[in-house]
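The values are calculated or read from the model by the stated rules, or taken from the named source; none is laboratory data. Predicted model, so just to flag it, every value in this text is computed and none were measured. Cβ placement follows ideal geometry from the backbone for every residue including glycine, while neighbour counts extend to all protein chains displayed. In case anyone asks, the SASA skips ligands and DNA or RNA and just uses the protein heavy atoms, side chains included. Shrake-Rupley method; radii C 1.70, N 1.55, O 1.52, S 1.80 Å.
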Amino acid sequence: MLLVLTLSGTSAVGAVESLSLSATEMQIVEQVKRELPQALAGLEQVVNINSGTMNFPGVEQVGKVFLQQFTELGFQSQWLDGKAFNRAGHLVASYGQRGPKILMIGHLDTVFAKEDDFQHFQKLSDSQIAGPGITDMKGGDIIIVSALRALKKLGLLDNVRIRVVMTGDEESSGRPLSLSKKALIDAAKWADIALGFEDGDSNIKTAVTTRRGAGGWTLAVSGQAAHSSQIFTPQVGDGAIYEAARILQAFRQQLSAENNSAMANLTFNPGLIIGGTRVEEQAEKSQALAFGKSNVVAQTVKVKGDIRAVSQQQLSQAKKIMQVIVADNLQRTKATLHFDRGYPPMADTQGNRKLLSLYSNISEQLGYGPVVAVNPRKAGAADISFVADHVAMALDGLGLMGKGGHTKDEVADITSLGKNIEKAALLIYRLGQTEQH
């Protein structure tokens, strides 16, 4: 898909560099400031509703809060049930008949289960508020609806076509992915531009032009059980644990950026290992049981891990190297390596960089300073990764800043809320002033 943005007959990127805020844009900023108390109240409301991914009623309740708000703004809004992929579902809201097609991405679920003791919005100071999912990413959801509300109230939303997708399974994707990510991918195929409102690396001076993909892998190793006195003999061989150790060490050596420059920003982490005579994984509890004795050669090992890559090419090459390593077995051992489908990489493109430039110029003109691309090692996988290949431009990390995401120390820098609503509203407005060819 090719998207060329122009403003008054010149490049949009070049044009905005020489402009200060217009009178209309100043009105947008003032409207955002007037509505900031409403945004804060909305943030408190949704943070106080537990929406851990598997708390389906809670996720849907948060979705209905936003569904009502979008409906009040004149959006065509719907709740997509998630039974087919064992999740609560997704919210989709659409508006507009002309102009650039902009996809805005949020998610309704958090990592905090219904039984967790971290449940409530708590003001710590004038600038800090704690709460489950406040930055990841209920604050980003509030920024989406608040920016659109400001533009709608000023009659400035009719030069863009908007589709909002707030998923209910970002923290733990439903399966199959072909169903759980369908709403996102369908919206991406429709859109020209994708904007994600995650918190990135929680630095207001950065945004995300590239994200590493994230997927899982499982290594299964078998050996010949025998008395330990016979290990390393031709009849018994080296045992499953030595073979697993060989494989993991070879992964580290051959795939490290120090030894293979093509693997810069690639990471591969074994997060669980169990071995012995018998093993039993209890995946639903993220734990395992093993039986073995020091005088028995280990018969079986299982290792589970993840892998993160900056491009599909890098991921494919890493997988190929890993499979070659796994196939070169020690005597009397066998090993297999299985990869799970996960989040694809979001590649760094010229279009993404142009969109970042637009956003950074707006930030500077507001007096908030430039915004630069985040180091991909500092931002995890996110829903925008599923859409980035389908649009001409994509940018993420536009949400509420803070610290401690995914922990009970999650705290929002509430001074970033108004700033990022202003920036999002102005970005959408300027995109609406462009001509699409």
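Going by the conditions given, is S294 surrounded by fewer than 17 Cβ atoms within 10 Å (Cβ to Cβ), farther than 30 Å from N260 by Cβ and over 26 Å from the mean Cα position of the chain (by Cα)? Spelling it out, S294 is indeed surrounded by fewer than 17 Cβ atoms within 10 Å (Cβ to Cβ), farther than 30 Å from N260 by Cβ and over 26 Å from the mean Cα position of the chain (by Cα). Looking at segment 311-347, which of its residues are surrounded by fewer than 17 Cβ atoms within 10 Å (Cβ to Cβ), at pLDDT 95 or above and assigned to a loop (DSSP other than H, G, I, E, B)? Matches in segment 311-347: D328, Q331.
Within segment 250-268, restricting attention to residues that are open to solvent by 50 Å² or more (accessible area, probe 1.4 Å) and touching a residue at least 40 places away in the same chain (Cβ under 8 Å), the residue that is farthest from the chain's Cα centre (by Cα) is Q254.
Screening segment 231-276 for residues that are polar (S, T, N, Q) and in a loop (DSSP other than H, G, I, E, B) and picking the one that is nearest to V310 (Cα to Cα) gives N265. Candidates in segment 43-67 are the residues that are open to solvent by 10 Å² or more (accessible area, probe 1.4 Å), touching a Ser or Thr at 6+ places or on another chain (Cβ under 8 Å) and assigned to a helix (DSSP H, G or I); of these, the one that is nearest to I144 (Cα to Cα) is L67. Can you confirm whether segment 371-383 contains a residue that is outside any loop (DSSP other than H, G, I, E, B), within 21 Å of the chain's Cα centre (by Cα) and buried (at least 23 other Cβ atoms within 10 Å of the Cβ)? Yes, some residue in segment 371-383 is outside any loop (DSSP other than H, G, I, E, B), within 21 Å of the chain's Cα centre (by Cα) and buried (at least 23 other Cβ atoms within 10 Å of the Cβ).
The rows are residues; the columns are (1) on the phi > 0 side of the Ramachandran plot; (2) in a helix (DSSP H, G or I); (3) of a type in the set (A, V, I, L, M); (4) touching a strand residue (DSSP E or B) at 6+ places or on another chain (Cβ under 9 Å).
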| residue | (1), (2), (3), (4) |
| --- | --- |
| L395 | no, no, yes, yes |
| G399 | no, no, no, yes |
| G405 | no, no, no, no |
| N420 | no, yes, no, no |
| A424 | no, yes, yes, yes |
| L431 | no, yes, yes, yes |
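A188 - would you say it is in contact with a strand residue (DSSP E or B) (Cβ under 7 Å, 6 or more places away or on another chain), within 30 Å of D389 (Cα to Cα) and in a helix (DSSP H, G or I)? Answer is yes for this residue. The residue of segment 269-291 that is least open to solvent (accessible area, probe 1.4 Å), among those that are more than 30 Å from S229 (Cα to Cα) and modelled with pLDDT of 95 or more, is G271.
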